[in-house]
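The values are calculated or read from the model by the stated rules, or taken from the named source; none is laboratory data. Quick caveat, the model's predicted, so the values are computed rather than measured. Every residue, glycine as well, gets a Cβ built from its backbone with ideal geometry; the counts of neighbours run over all protein chains shown. Accessible surface is based on the protein model in full, side chains and every heavy atom, while ligands, DNA and RNA are left aside. Shrake-Rupley method; radii C 1.70, N 1.55, O 1.52, S 1.80 Å.
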Amino acid sequence: LSSHILALVTGANKGIGFTIVQDLCQQFWPGSSEQLQTKGLNPRFHLLDINDLQSIYALRHIEYRGLDVLVNNAGITFKGKNTGFHTVDDYSFIIQLEVQNSILVFITLRHAILPDSLCYILGRVVNISSIMSFVALKYCSPELQQKFMSETITEEELGVLMNKFVEDVKNGVHKEEGWPDTQQVLYGVSKMGIVVLSRIHARKLSEQRKGDKILLNACCPGWVRTDMGGPKAIKSPEEGAEIPVYLALLPSDAEKPQGEILIEKKVEKWGILSQFPSWIPI
């Protein structure tokens, strides 16, 4: 059975994504991209530019019968003073890129993959988010909190909210409009969108493909020593990959978690947290 498993991991050229691929290879194809081949692992590389619709839709034509595992890991962030961006226009450009990569591309991936046969029966979908999503939610206005916590929010409504966030930052009115107002927490808004989008997609899968038993969840890998996380982070890439791989390998008879966010392999109810780890920059 394991020889027929197909997994797609985006953003897998380094960091957590690379380690996820390594772990999945070792799980499904023990003894099977150059660095992995030195370990006897032979994943197949597909060029995927998540900002290019043509590249995304090309996945429809790969010569396989369907995806068993999809890990949406690709994403970006900018590190303040190290970016070289200083003006308001530069900063709004950063926010726009983060939101586009985290949310709007996920919506496109969903339309390209999930409703189609590319997501196979008993498939597992893992969206990489962050505990910063909870921080962002905490610092939103009560009105925005209610919208992002809604059990009935739609994909279209989420898209409107995220686009409004980008425009409000561009216009310098995001604080007045109820959005968080520090750079670290603004990054968390895009991750908040991922959690909400995961909840929406899981709800749709349960309604439209219930019999296929596809499980879709988000997770926080933690603060990981990668190019994005930096050298002071508390987890290795191997430790950061544990939760995504755990969700990707949920057994075929599992019925949950579904539409949840996991932190340290524990389901964290989506809402306002009262406490955060000491390493969170708030």
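Just give me the residues in the stretch 169-179 being at pLDDT 90 or above and surrounded by 15 or more Cβ atoms within 10 Å (Cβ to Cβ), in sequence order. I'd like the intermediate steps shown before the answer.
Residues of the stretch 169-179 that are at pLDDT 90 or above, as a first pass: 173-179.
Selection gives His174, Glu177, Gly178, Trp179.
Within the stretch 138-167, track down each residue that is among the acidic types (Asp, Glu) and part of a helix (DSSP H, G or I).
Glu143, Glu155, Glu156, Glu157, Glu167
With the requirement that a residue be in contact with a helix residue (DSSP H, G or I) (Cβ under 8 Å, 6 or more places away or on another chain) and within 19 Å of Gly259 (Cα to Cα), what does the stretch 152-179 give you?
Those that are in contact with a helix residue (DSSP H, G or I) (Cβ under 8 Å, 6 or more places away or on another chain) and within 19 Å of Gly259 (Cα to Cα): Ile153, Thr154, Glu155, Glu157, Leu158, Gly159.
Each row is one residue, and each column tells you yes or no for (1) under 16 Å from the mean Cα position of the chain (by Cα); (2) at pLDDT below 75.
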position	(1), (2)
His4	no, yes
Phe18	yes, no
Val21	yes, no
Gln26	no, no
Arg44	no, yes
Arg65	no, yes
Asn72	yes, no
Asp90	no, yes
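Gly240 is checked against (1) under 20 Å from Leu70 (Cβ atoms); (2) open to solvent by 70 Å² or more (accessible area, probe 1.4 Å); (3) not hydrophobic (A, V, I, L, M, F, W, C) and fails just one. What number does that condition carry?
(2)
Identify, from the list Ala202, Ala218, Ala233, Ala254, the residue that is part of a loop (DSSP other than H, G, I, E, B) and open to solvent by less than 10 Å² (accessible area, probe 1.4 Å). Working first, answer last.
On the way: Ala202 fails: part of a loop (DSSP other than H, G, I, E, B); Ala218 fails: part of a loop (DSSP other than H, G, I, E, B); Ala254 fails: open to solvent by less than 10 Å² (accessible area, probe 1.4 Å).
Just one listed residue meets the conditions, Ala233.
Taking the stretch 242-282 only, how many residues are modelled with pLDDT of 95 or more and of a type in the set (Asp, Glu)?
The total comes to 3.
Just to check your reading of the model, which residue among Ile280, Ile272 is open to solvent by less than 70 Å² (accessible area, probe 1.4 Å), within 30 Å of Val169 (Cβ to Cβ) and in a loop (DSSP other than H, G, I, E, B)?
Ile280
Check whether at least one residue in the stretch 142-155 is acidic (Asp, Glu), modelled with pLDDT under 90 and within 13 Å of Ile200 (Cβ to Cβ), and report yes or no.
Scanning the stretch 142-155, I find at least one residue that is acidic (Asp, Glu), modelled with pLDDT under 90 and within 13 Å of Ile200 (Cβ to Cβ), so the answer is yes.
Can you tell me which residue among Lys191, Lys265 is farther than 21 Å from Leu24 by Cα and open to solvent by 10 Å² or more (accessible area, probe 1.4 Å)?
Exactly one of Lys191, Lys265 is farther than 21 Å from Leu24 by Cα and open to solvent by 10 Å² or more (accessible area, probe 1.4 Å), namely Lys191.
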